[in-house]
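The values are calculated or read from the model by the stated rules, or taken from the named source; none is laboratory data. In this text, all values refer to a predicted model and were calculated from it rather than measured experimentally. Virtual Cβ from ideal backbone geometry, glycine too; neighbours counted across all protein chains shown.
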Amino acid sequence: MLKNRFFATLFVFMLLILSACGNTATEKEGATEKKPEPKAEPTELILATTTSTQDSGLLDELLPIFEKENNVKVKTIAVGTGQALEMGTKGEADVLLVHAPKSEEELVTSGDAVNRKRVMYNDFILIGPKDNPAGVSGDDVKAAFQKITEVKANFITRGDDSGTHKKELGIWTAANIQPTGDTYISTGQGMGASLQIANEKNGYILTDRATWLAQEKNLTNLTIVVEGGKDLMNIYHVMQVNPKKHDMVNSKDAEKFVEFMVNPETQDVIESFGKKEFGQSLFIKYTE
Amino acid sequence: MELIINGLKKAIEMILTGDREIFEITWLTLRVCFLATLISSIIGLPLGMFLGLTRFRGRKIILVLINIGMGLPPVVAGLWITMLLWRSGPLGHLQLLYSPTAIVMAQVLVSLPIITGLTSSAFQQINEKMLLQIKALGATKIQTFGILLKQTKIAIVAAIMAGLGRVIAEVGAAQMVGGNIQGDTRILTTSIVMEVSKGNFDVALAISFILLTVALLITASLTLLQQRKRLS
């Protein structure tokens, strides 16, 4: 008879698991029952955006305000701008917040995105090893790229079709250089991870300022070498995915989100974000 | 070294102060992993027994497929489930992408072959002479089944543990189909990835300690269950 003890235990264990799952179901119901007594069930809005807005913490500041005002649950998918735009063309997202103006315009032309509005900017900066083997400085990023190529210093690239990667490729093209060879290291990862690799490999890397400020404390070998040039501006736009082209899109809330991002109060929140921690704004308001 | 100590301190601090968010993330991780393992066990154990005990045409091909599945990279599973659940995909109307259900689906896909495969190997090892003897002694089908289960107990629990280990450790698929959405689909592994990309190594380390503790507790209790003295 004892042989059944093992199975009894196993059975009890299974029951425990089942009840754990069961609990969650009732708990969920309980939660939904409690919260929206006066309000209806919140609608869901899928926001596809670049990693910099999430990793810098900006969205944690903005989204709760929007969610509360409009009774919407925003599902943020933080990916590279390339992937975010692709989600737009496929109609997998409702609204996009991205930073690759040229590629964005293609989406508007193709009719996949509508209601595109400028939101904010910060700038790209060139980061390099503290001993600066290529001796680059100032605000001319094209000249800096040329020098880095000449001395064959390590250059780290995201290589992931993100907004920053697109920007970097644009600068190489403008400088008339085809980056190749062992010293051009493609990580295929996000900004934070790529900065880490640059730190380990003593390489130069193009980054947005927000991510740099948030990560600076871990990047002991690196420093800003080039900043402030006109061509280093990093502009963010918000846009809706066209509901006429993709039928499952939540256009009502997407439109509200676009309006929310450009309204003066939100713009003030954006501009004041980061001042306390970093002593400067990570993003600067920039509506049309 | 300092970083590790800071991470440990942070982990203890998070647990002691009852950090609500980390508690919710851990709870979601447990729910998702247990549910996925449970579903995989319910399907995988009987399927594994069947494949281990019977002989039929095409059985070897199925076994090959299952063995390949045991090594199925989670990101591949994630990609398949993503395409299935896309709004433009075949199950798009269910609106399941970026929900915990989607994570469970992906995790079942990676743990089911493991549980099925290991169970079937255990049953294949049963000596055929023993089967004959059991029959000769006049055991009913249910009695035979009970004896076989007892024989393979260790292997069955090992199969469940391997499946559970796979889903708890898994990050690629959960990231892809779940989207790491705060308060919704963020689980322990995806938060570690996110905190690393934010540069918060201490927090990432702290969460990793919590994850390891959870995994240790579950595995320890299952191991104790498995290693209990053979009762006969």
Would you check which residues across region A:48-62 are within 10 Å of another protein chain (Cβ to nearest Cβ) and either in contact (Cβ under 8 Å) with a residue 12 or more places away in the chain or not in a helix (DSSP H, G or I) (or both) and list them?
A:Ala48, A:Thr51, A:Gln54, A:Asp55, A:Ser56, A:Gly57, A:Leu59
Please verify whether region A:209-230 includes one or more residues that are without any contact (Cβ under 8 Å) to a residue 12 or more places away in the chain and either closer than 17 Å to A:Lys130 by Cα or among the polar types (S, T, N, Q) (or both).
yes
Being β-branched (Val, Ile, Thr) and surrounded by 22 or more Cβ atoms within 10 Å (Cβ to Cβ) is the filter; apply it to region B:164-188 and report the residue that is farthest from B:Thr26 (Cα to Cα).
B:Val177
Any residue in region A:92-115 that is assigned to a strand (DSSP E or B) sitting within a Cβ distance under 7 Å of a residue that is surrounded by fewer than 17 Cβ atoms within 10 Å (Cβ to Cβ)? List the pairs, counting only those 6 or more apart or interchain.
A:Asn115/A:Glu255
Top-ranked residue of region A:179-204 - restricted to ones that are within 14 Å of another protein chain (Cβ to nearest Cβ) and outside any helix (DSSP H, G or I), ranked as modelled with the highest pLDDT:
A:Thr187
Screening B:Ile126, B:Ile168, B:Ile207, B:Ile218 for residues that are more than 10 Å from every other protein chain (Cβ to nearest Cβ), touching a residue at least 12 places away in the same chain (Cβ under 8 Å), not in a helix (DSSP H, G or I) and not acidic (Asp, Glu) leaves only B:Ile126
Could you please give the count of residues in region B:70-97 that are away from every other protein chain (no Cβ under 14 Å) and either more than 21 Å from the chain's Cα centre (by Cα) or of a type in the set (A, V, I, L, M) (or both)?
4
Quick test of your reading of the structure: B:Gly7 fulfils all but one of (1) within 21 Å of the chain's Cα centre (by Cα); (2) within 14 Å of chain A (Cβ to nearest Cβ); (3) in contact (Cβ under 8 Å) with a residue 40 or more places away in the chain. Name the failing condition by number.
(1)
Could you list, in sequence order, the residues of region A:63-104 that are touching a Pro at 6+ places or on another chain (Cβ under 8 Å), within 14 Å of another protein chain (Cβ to nearest Cβ) and not aliphatic (A, V, I, L, M)?
A:Glu67, A:Lys73
What number of residues in region B:10-62 are over 19 Å from the mean Cα position of the chain (by Cα) and crowded, with 19+ Cβ neighbours inside 10 Å?
6
